[in-house]
Amino acid sequence: MQAVCRSVVTVAALVALGTGTTSTYGVEIGTLPPESIQGDVTYITGGVGSDEAEAMRRAASRYPLAIELAARATPRAAYVANVTIDIRDTQGRTVLISTTYVPFLLASLPPGRYTINAQLEGKSQQKTVAIGNGAHQHVMFEFAVDVG
């Protein structure tokens, strides 16, 4: 029992000092939501609140693909949620499908060309990206929705 308590205290101290462990892409785990895996794709979704949104922006360069979701609104754009993202390879096979409840999706895709379909409230948009070794793509989907 004493060894378990000592380990918990040590981990808590490391986290408090900001020396947490890192994910596959060198992002501090304590500042971001956890990574998920679907097939060969590792991805993360997040961006709720200003701290997490900033952490996602910083982490974006470490992933080959960053998708940002927003609503066109006046006087300024707002983020949207509940968007279904379907990423397909050149053979039409789905490599990642996820419904996001947050404004950012970062994905580690192997090099290749992909079609990204984003759907919100029956409205669909499609974009094509080329992912290369070491290259980073940022894709923005903006939806015309009533943000109240």
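The values are calculated or read from the model by the stated rules, or taken from the named source; none is laboratory data. This is a predicted model, so every value here is computed, not measured. Quick reminder, even Gly has a Cβ in these numbers, built from the backbone with ideal geometry, and neighbours come from all protein chains shown.
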Among the listed residues 114, 79, identify the single one that is on the phi < 0 side of the Ramachandran plot and modelled with pLDDT of 95 or more.
114
I'm trying to understand the selection: among the residues of the range 48-74, which are more than 13 Å from residue 144 (Cα to Cα) and of a type outside the set (A, V, I, L, M, F, W, C)?
49, 50, 51, 52, 54, 57, 58, 61, 62, 63, 64, 68
If you take the residues in the range 83-96 that are surrounded by fewer than 17 Cβ atoms within 10 Å (Cβ to Cβ) and either small (Gly, Ala, Ser) or out of contact with any Lys or Arg (no Cβ under 9 Å at 6 or more places or on another chain) (or both), which one is farthest from residue 69 (Cα to Cα)?
91
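So that you can scan it fast, the table gives a plain yes or no per residue for (1) under 19 Å from residue 115 (Cβ atoms); (2) in contact with a His (Cβ under 8 Å, 6 or more places away or on another chain):
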{"residue": "42", "(1), (2)": "no, no"}
{"residue": "51", "(1), (2)": "no, no"}
{"residue": "68", "(1), (2)": "yes, yes"}
{"residue": "84", "(1), (2)": "yes, no"}
{"residue": "91", "(1), (2)": "yes, no"}
{"residue": "101", "(1), (2)": "no, no"}
